[in-house]
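Colleague: Dropping the structure in here first, questions after.
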Amino acid sequence: MKFTMHDNMGEKMTKLTGRYNIKRTLVTGGAGFLGSHLCDALIERGHEVLCVDNLFTGARRNIEHLLDHPRFEFMRHDVTFPLYVEVDEIYNLACPASPIHYQHDPVQTTKTSVMGAINMLGLAKRLKVPIFQASTSEVYGDPNTPLQHESYWGNVNPIGIRSCYDEGKRAAETLFMDYHRQHNLDIKIVRIFNTYGPRMHPQDGRVVSNFIVQALRNEPITIYGDGMQTRSFCFYSDLIRGFLALMDSDKSITGPCNIGNPNEFTMIDLAKLVLEITGSSSPLVFGPLPQDDPKQRRPDITMARDKLGWNPEIQLAEGLEKTVSYFAELLKTSYS
Ligand code: NAD
Ligand code: UDP
Ligand code: UDP
């Protein structure tokens, strides 16, 4: 049977066919800092996006601009419970990421990483669709090598206060690799190094948001320990480009793949840069170093460069300026 343009049924069929040509993507943790930027990038690419989040650390305001979009749908759901939906690919980002949040309810953090991974892998297995895991440089723990390559197994305390996050993410990587080997699942694992930018939660306790908010309020900048520990900071837009490049890559590239900016800074360097950019007169104050706080962190990004053609483009000063502008606006609103 052939439909014409004037045939109602034909129009419906065309619409339906059109809809099925659109990739439907599930993003767990989609109302969080990184998840909401990923939702934006996927919408921009023409996908339908199903954003699943329990709003533990995420916020409706991060996705407010998408709520009326015809290709966007939000579902409040906790990934530790099974999820039966129909999608073409899955990005699994659900998990609190800042130390104060993941240590607030450590049992729930491990459950989110492990049971969340099992449920999302079960979903990917049933649907036979690719699945992406947001892993972390924390799988390297407190590394005893200055540059962390994917082949490094890490130096992780299994029973400390960071373990719920570190070991949860390590177990999730194990599950991803085993579903790949045992069930031939198409998997992609990214190990994210400290990433910052607009939509970070102003009170989530991470160093970039803390320093900027403190500087903007002319309150003391809180340096933990002597401030000589290092981190390598990646701007969110570079990271999201890396996510998409990994998901677009050949099936044989499963990761784990480091994505981060290899330029390394001490926390003192960071504080000085934030003071310079904000023009703030906040003093530096020193407090105790949290237990198991890694002394150094710097990604070896050879794999991302060679296999994905990915390179970070935004350096710290430029990224901080954009982030400072975001927080300056936010602090003028009721969210402050
Ligand atoms: P975030 O806290 O802003 O986002 C996490 C999101 O997951 C939040 O929206 C939260 O509500 C949601 N969530 C938490 N538990 C959930 C559950 N049980 N069910 C459903 N949703 C749940 O943090 P982020 O920085 O956007 O991190 C996103 C992902 O990237 C996390 O998996 C994190 O471990 C990983 N990561 C981030 C960084 C970074 O520097 N930002 C570094 C390494 C890894
Ligand atoms: N699951 C889900 N959605 C699905 C399929 C599975 O949430 O569409 C969950 C379900 O809770 C299941 C888990 O994923 O226990 C793992 O699924 P799998 O098929 O690997 O193992 P099962 O436990 O079913 O033997
Ligand atoms: N940090 C700090 N002051 C703060 C918050 C954090 O000096 O107000 C330090 C923290 O001890 C760590 C580094 O900054 O050494 C990065 O901390 P963050 O929580 O951002 O990330 P992670 O430790 O998970 O890399």
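The values are calculated or read from the model by the stated rules, or taken from the named source; none is laboratory data. Here the structure is a predicted model, which means the values were calculated and not measured. All Cβ positions, even for glycine, are placed from backbone atoms using ideal geometry, and neighbour counts span all protein chains on display. Ligands, DNA and RNA are excluded from the accessible area calculation, which covers all protein heavy atoms including side chains. Shrake-Rupley method; radii C 1.70, N 1.55, O 1.52, S 1.80 Å.
Colleague: Scan the stretch 11-114 for chymotrypsin sites (Phe, Trp or Tyr not before Pro) in coil per DSSP, keeping those whose Cβ has at most 13 other Cβ atoms within 10 Å, and list them by number.
Modeller: Taking the stretch 11-114 and a limit of 13 other Cβ atoms within 10 Å, the loop chymotrypsin sites (Phe, Trp or Tyr not before Pro) found are Tyr84.
Colleague: Within the stretch 118-208, what whole-number % of the accessible surface is contributed by carbon and sulfur, with the 1.4 Å probe and all protein chains included in the calculation? Write out the running numbers ahead of the final one.
Modeller: Numbers: 1910 of 3550 Å².
The nonpolar share, carbon plus sulfur, comes to 54 percent.
Colleague: OK, next. With a sphere of radius 14 Å drawn around the Cβ of Leu320, what net charge do the other residues whose Cβ falls strictly inside it have (Lys, Arg +1; Asp, Glu -1)?
Modeller: Details: positive: Arg206, Arg231, Lys272, Lys322; negative: Asp238, Asp269, Glu276, Glu318, Glu321.
Within the 14 Å Cβ shell, the charges total -1.
Colleague: Hey, got the dipole for the chain? About the Cα centre, +1 on K and R Cβ, -1 on D and E Cβ, debye to the nearest 20? Write out the running numbers ahead of the final one.
Modeller: Working: 35 positive and 39 negative charges, 144 e Å.
Its charge dipole is roughly 700 debye.
Colleague: Further question: In whole Hz, what ³J(HN,Hα) sequence does the stretch 142-155 give by Karplus (6.51, -1.76, 1.60; θ = phi - 60°), x for Gly and Pro?
Modeller: 9, x, 9, 9, x, 10, 9, 9, 4, 7, 6, 7, x, 9
Colleague: Eigenvalues of the Cα gyration tensor times 5, then square-rooted: what semi-axes does that give for the chain, in whole angstrom, largest first? Write down the numbers at each step before the final one.
Modeller: On the way: eigenvalues 251, 115, 66 Å².
Over the Cα atoms of the chain, the ellipsoid semi-axes are 35, 24, 18 Å.
Colleague: Continuing with the same structure: Check every DSSP H run in the chain and write down those whose alpha carbon atoms cover 15 angstrom or more along the long axis and whose mean Kyte-Doolittle hydropathy is 0.0 or greater.
Modeller: Result, helices passing both filters: 33-44, 106-127, 236-248, 267-278, 316-330.
Colleague: Give me the percent relative contact order of the chain, please, defined on Cα pairs under 8 angstrom at least 6 residues apart. Before the final figure, lay out each step's value.
Modeller: Numbers: 627 pairs, mean separation 53.3, N = 336.
The value is 16 percent.
Colleague: Next question. Among DSSP bridges having both ends in the stretch 62-192, what percentage is antiparallel? Round to the nearest 5.
Modeller: Values: 0 of 10 bridges.
The antiparallel proportion sits near 0 percent.
Colleague: Can you pull out the GluC sites (Glu not before Pro) in the stretch 34-102 whose DSSP state is coil and whose Cβ has at most 11 other Cβ atoms within 10 Å?
Modeller: Working: sites: Glu44, Glu48, Glu64, Glu73, Glu86, Glu89; in loops: Glu86.
Filter output for the stretch 34-102: Glu86.
Colleague: Could you compute how much accessible surface Val207 exposes when probed at 1.4 Å, giving the result in Å² to the nearest 10?
Modeller: Counting only protein heavy atoms, Val207 exposes about 40 Å² to solvent.
Colleague: Taking amide H positions as placed in the peptide plane 1.01 Å from N, state which residues far from Ile189 in sequence (5 or more) or on other chains have amide H under 5 Å from it.
Modeller: It is Gln133, Gly255, Cys257, by chain and number.
Colleague: Which shape class applies to the stretch 114-256: rounded if a/c is under 1.5, otherwise prolate when a/b exceeds b/c and oblate if not, where a ≥ b ≥ c are the square roots of the Cα gyration tensor eigenvalues?
Modeller: Working: a/c = 2.14, a/b = 1.73, b/c = 1.23.
Prolate shape, in that a/c is at least 1.5 and a/b is the bigger ratio.
Colleague: Averaged per residue, what accessible area in Å² does the stretch 164-251 show with a 1.4 Å probe, protein chains only? Don't skip to the end; give the middle numbers.
Modeller: Working: 3090 Å² over 88 residues.
I get 35 Å² per residue for the stretch 164-251.
Colleague: Under the rule of -39500 (n - 2.57) per DSSP H run of 4 or more residues, summed and divided by the residues of the chain, what mean residue ellipticity at 222 nm is obtained, to the nearest 500 deg cm²/dmol? Each step should come with its number before you reach the end.
Modeller: Numbers: 11 runs with 134 residues, N = 336.
Value at 222 nm, helices only, nearest 500: -12500 deg cm²/dmol.
Colleague: Just how much of Arg191 is accessible, in Å², when a 1.4 Å probe is used and the result is rounded to the nearest 10?
Modeller: Answer for Arg191: close to 20 Å² accessible.
Colleague: Ordered by residue, what ³J(HN,Hα) values in Hz, to whole numbers, does the stretch 223-235 give under the Karplus form 6.51 cos²θ - 1.76 cosθ + 1.60, where θ = phi - 60° and Gly and Pro are x?
Modeller: Ordered by residue, 3J(HN,Hα) equals 9, 8, x, 8, x, 8, 5, 10, 9, 10, 9, 10, 7 Hz.
Colleague: On to the next question. Take the Cα of Ser252, step 7 Å along the line toward its Cβ, and report every residue of the stretch 166-210 whose backbone nitrogen sits under 11 Å from that point.
Modeller: none
Colleague: Relative to a virtual label point 7 Å from the Cα of Leu284 in the Cα→beta-carbon direction, which members of the stretch 244-269 show backbone nitrogen distances below 20 Å?
Modeller: Only 263-269 fall inside the zone, counting backbone N under 20 Å.
Colleague: Between Phe81 and Arg61, what is the label-to-label distance in nm when each label sits 7 Å out along the Cα-to-Cβ direction?
Modeller: Between Phe81 and Arg61, the label points sit 2.7 nm apart.
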